[in-house]
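These notes concern the structure reproduced below.
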Amino acid sequence: MWIILTIYLLIIAIYFSIKLKFKNFKINIKELFKRDKTSLFLTLGTKIGVGSIIGTTSSILIGGFSSVIWIILFSFIFSSIIYYESYYGNKYKKNNNNEYVGGPYFIFKYGLNDKVLAIISLILLIILYSFLFQMIQFNTISYALINYLNISKTIIIIVSSIILFITLSLSVKNILNLMNKIVPYMCLLFIVTSLYIILKNINLLNIELFIKDITNIKSILCGLVIGIKRSIFMNETLIGTTSTTSASDKNNIEVSIKYQILSTYFISIIITLLVTFLLLVYLNENTIITDYNELLFNIFNTNKYGALFLIIIYILFGFTTVLSGYYIGINNIEYLTNKKIYLIIFKILFIISCVFGIILNNNYIWKYTDIFIFIMIIINSYSIIKLVMFYDRK
């Protein structure tokens, strides 16, 4: 299933890149940082979650270090899709109480005049990102708290519920302001902590293992499938979050697009490479570890504060994803209806899904997340392809 989807996305990405004449790769970072960075931090908060760390780790455990090469390579290739997602997300955005709202619903309704698929895409986006993605965050964080700080599951559920009740009282504007404050420091903390561990253990860096792995045919082929799938997941290609966060941008449309692509490169290159080097510090040919959480904690646990650092990073990454998941759901619902009952229902379901993330086995969560990602990619790709090929004649 995923192999067919990968080929399908690859064809789309190449077609879009040719149509754009590869201009989507050109980014003037100095110019961008002079602009309002709200949508950049929202995008990073949306796409950087615990999955950004464990995703690379699990990819290497399954597909070897060659998967890292494919993750980075296909992030460049898929950036042409990100370009058009951002473009149409921004083009069809609407004003909602002095804040902008957009995404798959608006692309279908105002771009293609398809109200049925608009509603379907919105429901799927909320189920996938506002519910299932949050379950992944809470599942990973609770695993770390239970296994490395010996905190009981009951306490985690109680404390998480209290934090969620407080968080869900925030307005859309307050969520964006909070993301602006948390995301830059969150990213900086991860980069500094990772570099510290890598440099401190530079003599243990197993470059030979990396070279041996990426030149092995079996590893290359296995890493290809795993790496492409992980690239799609990490960059949330055609899941709907790119068009949604692009719509929140108050800059012009070109700046909005470049912020989306910049965040893609940051996640797929910077974070992926840092995690890769962290693994190379710890792994050797005789290392046998099948659980990515165990592996990560062994790496960070270079001193008595290592595990605590990783848990803090987990919580920060997870919290910004929770904020963005709530933002995406509540912003769309507030635009569609003024009836508070729908907002209350959404908040209750949001809290329940987060609590279930603590309780349920992660295999079940990932299974259904994979299914919904697959469906969302098919639906959203239909809208983007149709707009590019038949509506957009520029």
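No lab work stands behind these numbers, since they all come straight from the coordinates. Everything quoted here is computed from the prediction, not taken from an experiment. So basically every Cβ, Gly included, is an ideal-geometry build from the backbone, and we count neighbours across all protein chains shown.
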Once phi is turned into θ = phi - 60°, what whole-Hz ³J(HN,Hα) does the Karplus curve with 6.51, -1.76 and 1.60 give for every residue of segment 35-42, x standing for Gly and Pro?
9, 5, 10, 4, 5, 5, 5, 5
If one builds a Gaussian network model of the chain from Cα atoms under 10 Å apart, the most fluctuating residue listed among E334, E99, E208 is E208
Under a plain spin-label model, where a point goes 7 Å from the Cα along Cα-to-Cβ, how far apart in nm are N98 and I348?
3.2
Length gain on complete extension for the stretch I253 to L149, per 0.36 nm per residue less the alpha carbon to alpha carbon distance?
32.9 nm
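Checking the a/c ratio against 1.5 first, then a/b against b/c, what shape does the Cα gyration tensor give for the chain?
On the way: a/c = 1.67, a/b = 1.21, b/c = 1.38.
Oblate.
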What does a probe at I4 reach in segment 353-389, counting residues whose amide N is under 13 Å from the point 7 Å along Cα→Cβ?
375, 378
So, relative contact order of segment 39-386 in percent, Cα under 8 Å, 6 or more apart, is 42
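Can you give the extra length, in nm with one decimal, that the chain gains between I123 and I14 once fully stretched, where that is 0.36 nm per residue apart less the Cα-Cα distance? Write out the running numbers ahead of the final one.
Working: separation 109, 0.36 × 109 = 39.24 nm, distance 2.96 nm.
That pair, I123 and I14, stretches by 36.3 nm at full extension.
With each run of n ≥ 4 DSSP H residues scored as -39500 (n - 2.57), what mean residue ellipticity at 222 nm is computed for the chain after dividing by its residue count and rounding to the nearest 500 deg cm²/dmol? Kindly include the intermediate steps, with their values, before the conclusion.
Details: 18 runs with 287 residues, N = 394.
Computed ellipticity for the chain at 222 nm equals -24000 deg cm²/dmol.
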Estimated distance in nm for a label pair at N361 and N201, the labels positioned 7 Å out from Cα along Cα-to-Cβ:
3.1
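Would you work out the charge dipole size for segment 39-386 about its Cα centre, treating the Cβ of every Lys and Arg as +1 and the Cβ of every Asp and Glu as -1, and quote it to the nearest 20 debye? Provide the component values of the computation, followed by the final result.
Values: 22 positive and 13 negative charges, 154 e Å.
About 740 debye.
Give K173/K386; K93/K258; K47/K94 a once-over and call out the pairs whose C-alpha atoms are over 25 Å from each other.
Details: K173/K386 33 Å; K93/K258 17 Å; K47/K94 22 Å.
Result: K173/K386 exceed 25 Å.
Which trypsin sites (Lys or Arg not before Pro) in segment 153-255 pass both tests, a DSSP loop state and at most 16 other beta-carbon atoms within 10 Å? Please report the intermediate quantities before stating the final value.
On the way: sites: K153, K173, K181, K200, K212, K218, K229, R230, K250; in loops: K250.
Filter output for segment 153-255: K250.
So between K339 and K21, what do we pick up on full extension, going 0.36 nm a residue minus the alpha carbon distance?
Numbers: separation 318, 0.36 × 318 = 114.48 nm, distance 4.61 nm.
Fully extending the segment from K339 to K21 adds 109.9 nm.
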Here the relative contact order (percent) of segment 101-239, from C-alpha pairs under 8 Å and at least 6 apart, is 10
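At a 10 Å Cβ-Cβ cut-off, how would you order C187, C354, C222, fewest neighbours first?
Values: C187 21, C354 24, C222 16.
Lowest count first: C222, C187, C354.
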Candidates per chymotrypsin sites (Phe, Trp or Tyr not before Pro) in segment 302-356, loop by DSSP, up to 12 other Cβ within 10 Å
Y305
